[in-house]
Amino acid sequence: MKETIKSIAITDLHPYPENPFALRDDNELQSSVRDFGVISPLVVRPRTEGGYEIISGHRRKAACEAAGIERVPVFVRKLNDTAAVIALVDSNLHREHVLPSEKAFAYKLKLDALKRQGERTDLGGERSTPTCGQAVHKSRDSVAKRESGRQVQRYIRLTELIPQILQLVDEGKVALSPAVEISYLPKTQQQNLYATMESEDRTPSLSQAQRMRKLSAEGQLDMDKIFGIMTEDKPNQKEQVRLKVESIEGYFKKGTSPKEMQDVILQLLESYQRRRLQAERNRDYSR
């Protein structure tokens with residue numbers, strides 16, 4: 001049976017409350033919507049309090065709002081919470097740019113939904129969970145088509161990271177493997193680790209993260225050990241030049257950010273290099 005497309009006022013559309021995928025500015029999508037409208041209808045489900053909940057199409061709705069479009073085409077489906085979660089995650093994981101944190105919370109959301117789907121009702125009418133871990137592993141293997149159950153579980157571990165470290169993973173400053181090891185540290189130890197990473201401008205290697213996890217499990221990981229591990233020289237570590245903000249902030253206007261200071265310093269260095277090279281060429285010509 002062919003689905004019917006309905007035209008719904010954009011003000012009647014509401015985001016899915018547990019959507020793990022962040023909305024980011026998408027100029028290309030906004031331009032496409034302005035020129036051609038919404039080519040692919042949104043998928044929504046009715047809300048008991050009125051209006052509709054978006055299952056697929058949060059970015060398209062945002063693009064329509066930016067373009068001043070007041071009505072959008074939608075498919076209205078009656079989905080229970082489990083089916084809604086699965087549809088939401090599956091419709092977003094194929095995107096070209098998905099952050100590790102988005103994958104982490106999306107996989108966790110879908111795994112929890114699949115576990116609920118796997119619950120059975122016994123003859124007494126009471127719900128019970130699977131009697132062994134096999135059902136859980138089977139669900140985990142079916143969470144993602146392109147990644148193994150083990151890889152899915154590694155991403156889900158990222159949901160145990162404190163937000164500051166998870167952001168470093170999203171920024172590519174902390175790799176997935178050490179991040180998974182760090183996720184096993186209690187939150188207080190993660191906070192201590194993050195403070196050390198910030199003060200020393202270093203991130204842990206896999207072996208360092210594994211050692212900290214082992215020490216933590218043995219009850220021996222404290223701030224001193226974290227500092228000692230993080231400040232040891234890594235193989236092939238490049239020597240770094242560091243400038244403290246306090247030592248250079250007097251050369252800048254009040255309120256200048258560290259990033260802006262860095263940009264100015266790099267521009268000055270480029271100018272210095274051009275003058276130095278020109279002076280060397282002039283000396284060569286004068287000989």
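Values for this structure:
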| read-out | value |
| --- | --- |
| Per-pair calculated FRET efficiency, R0 = 25 Å: Asp12 and Phe36 via Cβ, rounded to 0.05 | 0.65 |
| Neighbour-count ranking [beta-carbon atoms within 10 angstrom, fewest first] of Lys173, Lys78, Lys254, Lys108 | Lys254, Lys78, Lys173, Lys108 |
| Rounded to 5, the percent of DSSP beta bridges in segment 1-78 classed as antiparallel | 65 percent |
| At 1.567 mPa s and 4 °C, Stokes D of segment 162-233 from Kirkwood alpha-carbon radius, µm² per second | 110 µm²/s |
| Of Lys187/Lys214; Lys61/Lys173; Lys103/Lys225; Lys61/Lys115; Lys61/Lys187, those spanning more than 26 Å from alpha-carbon to alpha-carbon | Lys61/Lys173; Lys103/Lys225; Lys61/Lys115; Lys61/Lys187 |
| Length released on extending from Asn282 to Ser91, taking residue separation times 0.36 nm less the Cα-Cα span | 62.5 nm |
| Using a Förster distance of 45 Å, the FRET efficiency for Val245-Gln151 (Cβ separation, nearest 0.05) | 0.70 |
| Potential lengthening between Thr48 and Lys115 on full extension [0.36 nm per residue; Cα-Cα distance subtracted] | 21.6 nm |
| Dipole moment magnitude, nearest 20 debye, segment 187-229 about Cα centre, only Lys, Arg, Asp, Glu C-beta charged | 240 debye |
| Inter-label distance, nm, simple model (7 Å from Cα along the C-beta direction), Glu28/Glu198 | 3.5 nm |
| Restricting segment 147-191 to GluC sites (Glu not before Pro) in coil, as DSSP defines it, with at most 12 other Cβ within 10 Å | Glu171 |
| Å³ per residue enclosed by the Cα convex hull of segment 1-78 | 95 Å³ |
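Coordinate-derived values only; no laboratory data. Since the model is a prediction, treat every value here as computed from it, not as a measurement. Reconstructed Cβ throughout: ideal geometry from the backbone, glycine too, with neighbour counts over all protein chains shown.
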